[in-house]
Amino acid sequence: MAYQAQSDPLPLREDASGALRVGESRVLFELVIRAFQDGATPESIVQRYPTLSLSDVYAVVAHYLRHRDEVEAYLLERERLAGEILERAEGLHGDLGEIRARLLARRRS
């Protein structure tokens, strides 16, 4: 009997904000890929994020390796959006580091 290879669907899902999550977890796709780019193995990524399954991490890493340009474009867009959100938050609340410093100074006095 010959082995019948099957193609599994990519374990990524888009949440309400448009972010990609891995498998059934809440872990962001970009966190897994950035960890892999930083030298983490799929096993160590699962140790870092225990809600992930090892097979899902291998699947998204394989996807990244096959579609590097598209994934890099997605990651750059996510970084751009994060920068916009940070700018908006700083515009509304000022420099959060400054607020933290004032709160710590109050605590000490």
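The values are calculated or read from the model by the stated rules, or taken from the named source; none is laboratory data. Remember, it's a predicted structure, so these values are computed and weren't measured experimentally. Here Cβ is always computed from backbone atoms with ideal geometry, including for glycine, and neighbour counts include all displayed protein chains. The accessibility values were calculated without ligands, DNA or RNA, using every heavy atom of the protein model including side chains. Shrake-Rupley method; radii C 1.70, N 1.55, O 1.52, S 1.80 Å.
Restricting the first member to the range 65-79 and to residues that are under 18 Å from residue 14 (Cα atoms), and the second to residues that are of a type in the set (D, E, K, R) and surrounded by 11 or more Cβ atoms within 10 Å (Cβ to Cβ), the beta-carbon pairs closer than 8 Å and six or more apart or on different chains are 74/30; 75/30; 75/34; 78/30. Checking each residue in the range 15-31 for being loosely packed, with under 11 Cβ neighbours inside 10 Å and not polar (S, T, N, Q) picks out 15, 16, 18. Can you name every residue in the range 32-43 that is part of a helix (DSSP H, G or I) and open to solvent by less than 40 Å² (accessible area, probe 1.4 Å)? 32, 33, 35, 42, listed by residue number.
In the range 26-55, the residues that are closer than 18 Å to residue 73 by Cα and in contact (Cβ under 8 Å) with a residue 12 or more places away in the chain reach residues that are open to solvent by 60 Å² or more (accessible area, probe 1.4 Å) and not aromatic (Phe, Trp, Tyr) with C-beta atoms within less than 8 angstrom, at least six apart or across chains, in these pairs: 35/48.
Of everything in the range 1-15 that is within 19 Å of residue 54 (Cβ to Cβ) and not charged (D, E, K, R), the residue that is nearest to the chain's Cα centre (by Cα) is 12.
Among the residues in the range 2-14, are any assigned to a strand (DSSP E or B) and either loosely packed, with under 11 Cβ neighbours inside 10 Å or acidic (Asp, Glu) (or both)? Yes - at least one qualifying residue is present in the range 2-14. Note on the range 67-86: residues that are over 15 Å from the mean Cα position of the chain (by Cα) and either of a type in the set (S, T, N, Q) or within 19 Å of residue 40 (Cβ to Cβ) (or both) amount to 1.
Of all residues in the range 53-99, those satisfying the criterion of being open to solvent by less than 40 Å² (accessible area, probe 1.4 Å), in a helix (DSSP H, G or I) and either modelled with pLDDT under 85 or among the hydrophobic types (A, V, I, L, M, F, W, C) (or both) are 57, 59, 60, 61, 62, 71, 75, 89.
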